[in-house]
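Only one structure is covered here, and it is reproduced in the block below.
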């Protein structure tokens with residue numbers, strides 16, 4: 001992604017085959033208002049490869065970035081999502097020591113002034129049976145009482161979801177902002193300590209601090225804060241860094257681009273709200289913040305495990321939405337067992353499975369989004385453009401739908417029965 005005072009489009013193609021993540025970024029030149037040092041005509045393509053993207057801990061991955069064309073690296077930063085980073089290299093290896101879903105970022109500045117940024121996701125699982133001694137006895141997983149996924153859950157203190165969460169995570173609701181935008185910073189602490197506060201700082205492209213906040217996370221470890229990208233401190237365009245710290249040693253980072261400002265206090269209005277979604281499992285209250293549009297409707301498609309959000313977008317903007325896992329979730333599905341021993345009655349609870357990424361589509365097209373996960377919910381930051389009307393969040397499990405269509409069908413059926421009975425004398429109760 002190229003950062004400049006103009007809006008520059010980025011085409012991202014992600015191909016994931018057998019644990020290989022191949023990412024191609026193609027900068028597209030903006031039509032006008034490009035600064036001298038950026039938005040270069042005819043920018044090259046940056047190819048990023050991270051492999052494997054899944055495996056048991058400790059997992060060693062190989063990473064490589066290369067240009068298709070004549071561009072040469074000026075500087076680079078690889079952030080692996082586990083608190084470790086490396087600078088000014090285009091390839092190497094990194095080892096993830098513990099289980100979790102890690103969102104990494106590679107940022108490469110080329111000698112022609114173009115800046116590329118891309119995320120990658122690595123899923124690291126625990127090792128089943130690592131703590132079982134030679135004299136231990138384990139129940140038959142095909143007995144219908146226990147299964148391998150429950151053993152894995154026990155190995156991680158009764159919560160497979162908790163075992164996949166990093167110690168501290170932080171993310172913004174968008175990857176780019178303009179002057180006057182509201183930056184929503186979401187995060188989660190895995191193991192909270194009594195009255196220990198989270199400190200969040202924002203550092204601009206000149207390494208100067210432009211914002212700082214401190215607050216106590218909620219009981220489930222989640223936290224959220226808002227920062228206005230406006231005023232005399234928000235003038236320099238470039239890549240900004242969010243630094244979150246919890247306690248003396250636990251920290252996490254996130255990055256976004258800012259198009260620059262003139263020092264004036266300009267505020268683009270954002271709307272906060274809670275949408276009450278009626279389902280067969282009850283009512284779910286879904287908090288959201290939207291900038292550049294309004295929420296018109298939400299509904300769940302249980303058969304396709306999809307949440308459909310209808311919006312009215314008056315300008316380019318973003319949606320930050322917190323989805324309860326009990327409403328919709330994305331999980332790795334258990335392997336399909338075939339062959340002569342495929343008649344096992346063992347049941348696997350989807351909630352016990354490791355997380356996988358949602359698929360988010362805006363107007364039917366896949367889009368890049370940000371996410372912060374906790375034990376009970378997943379918060380997504382989704383960008384959209386002026387004129388967009390639908391956002392689809394696609395998972396693997398959800399509650400069955402029970403909305404206006406079901407109520408309408410029931411009402412029509414009742415009216416039809418009453419009409420038929422009035423004309424035919426049909427009675428539903430015996431006459432004595």
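No lab work stands behind these numbers, since they all come straight from the coordinates. As the structure is a computational prediction, the values presented were derived from the model and not from experiment. Don't worry about glycine lacking a Cβ; one is built from the backbone with ideal geometry, like all the others, and counts go over all protein chains shown.
Each label was represented as a point 7 Å from its Cα along the Cα-to-Cβ direction; for residue 359 and residue 194 these points are 4.8 nm apart. The order of 373, 190, going from fewest to most other C-beta atoms within 10 Å of their C-beta, is 190, 373.
At 0.36 nm per residue, and after removing the present C-alpha to C-alpha distance, how many nm does the segment from residue 390 to residue 88 gain when stretched out fully? Don't skip to the answer; put the middle values down first.
Details: separation 302, 0.36 × 302 = 108.72 nm, distance 4.05 nm.
Here the segment from residue 390 to residue 88 would lengthen by 104.7 nm.
How do the peptides 65-71, 50-56, 252-258 rank, highest first, by the average count of neighbouring beta carbon atoms within 10 Å per residue? List each step's numbers first, then the result.
On the way: 65-71: 15.3, 50-56: 17.0, 252-258: 22.9.
Highest-to-lowest ranking by the protection proxy: 252-258, 50-56, 65-71.
Sorted fewest first by neighbouring Cβ atoms within 10 angstrom, 234, 78 come out as 78, 234.
Here region 237-282 and region 368-399 have alpha carbon centers that stand 15 Å from each other. Modelled this way, with points 7 Å down the Cα-to-C-beta line, the labels at residue 68 and residue 367 are 2.6 nm from one another.
Of 59, 175, 228, how do they rank once you tally other Cβ atoms within 10 Å and put the fewest first? Could you put the intermediate results ahead of the total?
On the way: 59 20, 175 23, 228 17.
Listing 59, 175, 228 from fewest to most nearby Cβ atoms yields 228, 59, 175.
Report the FRET efficiency, 1/(1 + (r/R0)^6), for residue 304 and residue 201, where r is their Cβ-Cβ distance and R0 is 25 Å, rounded to 0.05. FRET efficiency, residue 304 to residue 201: 0.05.
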